[in-house]
Each structure stands twice: as C-alpha cells, then as structure tokens.
1. Within 14 Å, Cβ to Cβ, of residue 140, how many net charges do the neighbouring residues add up to if Lys/Arg are +1 and Asp/Glu are -1?
2. So how much accessible area does residue 57 have, in Å² to the nearest 10, using a 1.4 Å probe?
3. Lys and Arg at +1, Asp and Glu at -1: add these up for the other residues within a Cβ distance under 10 Å of residue 70 and post the number.
4. Sum up the charges of everything whose Cβ sits under 14 Å from the Cβ of residue 109, counting Lys and Arg as +1 and Asp and Glu as -1, but leave residue 109 out.
5. For segment 35-121, what is the Kirkwood hydrodynamic radius in Å, using each pair of distinct C-alpha atoms?
6. If I take R0 = 41 Å and measure r between the Cβ atoms of residue 30 and residue 64 in this structure, what FRET efficiency does the formula 1/(1 + (r/R0)^6) give, to the nearest 0.05?
7. Using 1/(1 + (r/R0)^6) with R0 = 41 angstrom and r between the beta carbons of residue 40 and residue 94, what's the FRET efficiency to the nearest 0.05?
Amino acid sequence: MRRFILAVAAMLFSVGATFAQNYMVVNSEKVFKSLAEYNNALEQIESLSKSYQSAVDAKFQEVEEVYNSYMSRRESLSAASRQQMEQKILDLEAKATEYQESLFGTDGELMKRRMELIQPIQNRVFTAIENLSKQYGFDLVIDIAANPTVLY
C-alpha cells in the first residue's frame with residue numbers, strides 16, 4: 001500500500017497547470033503493475049483461464065472423436081442410425097459450446113472471478129487518485145493508460 005501511495009504521489013508531481021485549470025495525468029497501467037496484489041490476481045486469473053481452457057478443449061476433443069468415428073462408420077450405418085449419430089454430435093457440440101460460454105462468456109466464471117479479484121484493487125486505486133486530486137486541488141484527472149479517460 002505504501003508503494004502504491006508513493007507511485008500515485010510521483011504521478012501527482014508530474015502534473016502541470018494549463019488555462020487556470022489544475023489537471024493531473026495518471027498512467028493507471030503503471031500504477032496497477034506496481035502493485036504485487038494486482039500482479040498476483042492476474043496470475044491467478046491466468047492460471048484459472050488455462051485450466052478452464054483445458055477442460056473446454058477436452059469437451060471439443062470428445063466431439064471431434066465422435067465425429068471422426070461416425071465418419072469412418074458412416075457408410076455402414078442405416079439412415080436412422082446416421083441421423084441419430086448426427087444428432088448426438090450436434091448435441092455434444094452444443095453442450096461444449098454452452099460449457100465454454102459458461103466459463104469464458106461475459107457472465108462466465110472467469111469474468112466473475114476477475115471481478116472478485118481485481119475490482120477491489122481498482123476501487124482502492126481510483127479512490128486514492130480521487131483523494132489526492134481533492135487534497136491538491138486538481139480539477140481534472142486523466143488516465144493515459146490505453147485510451148485517454150477522465151477519471152475525476
């Protein structure tokens with residue numbers, strides 16, 4: 001936390017005044033990357049993502065194996081059996097896609113976990129920036145990390 005405050009304070013002093021407005025420029029990406037807690041959260045998310053991806057790959061591998069098996073036996077099957085196998089393959093693929101969406105989608109497990117781990121850190125950083133800007137009388141705080149964004 002001490003390192004975080006020092007990083008924000010250092011960025012605070014890199015600010016100039018223009019047109020009688022006080023503004024501060026912050027690179028939130030650098031601030032976040034300087035926090036060990038944030039880096040640990042990113043590592044946890046990456047690890048979780050890899051394990052989820054392995055599970056999803058296994059589901060799609062199963063679909064591919066069933067499909068390849070079907071294609072090798074297709075000529076020897078009756079029309080009803082072919083239709084049944086094709087439906088089974090479609091169902092397996094739909095389940096695999098649904099499973100993938102439940103893990104990686106916008107409301108998926110990975111996004112929920114990301115929010116649990118990263119949201120509190122972001123809130124603390126942005127609260128600290130807001131407090132510093134109020135304390136030093138800045139009218140505007142701009143984040144230049146990815147896309148210029150007004151933070152305060």
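1. Numbers: positive: 134; negative: 130, 139, 143.
Surrounding charge for residue 140 is -2.
2. 80 Å²
3. Neighbourhood net charge equals +2.
4. Once all neighbours under 14 Å are counted, the net charge is 0.
5. Details: mean 1/r = 0.0660 Å⁻¹.
Evaluated on segment 35-121, it is 15.2 Å.
6. So the FRET efficiency works out to roughly 0.40.
7. With R0 = 41 Å, the Cβ-Cβ based efficiency is 0.65.
The values are calculated or read from the model by the stated rules, or taken from the named source; none is laboratory data. Since the model is a prediction, treat every value here as computed from it, not as a measurement. Here the Cβ is made from the backbone with ideal geometry for all residues, glycine too, and neighbour counts use every protein chain on show. Ligands, DNA and RNA are stripped out before the accessible areas are found, and what is left, the full protein with its side chains, is counted by its heavy atoms. Shrake-Rupley method; radii C 1.70, N 1.55, O 1.52, S 1.80 Å.
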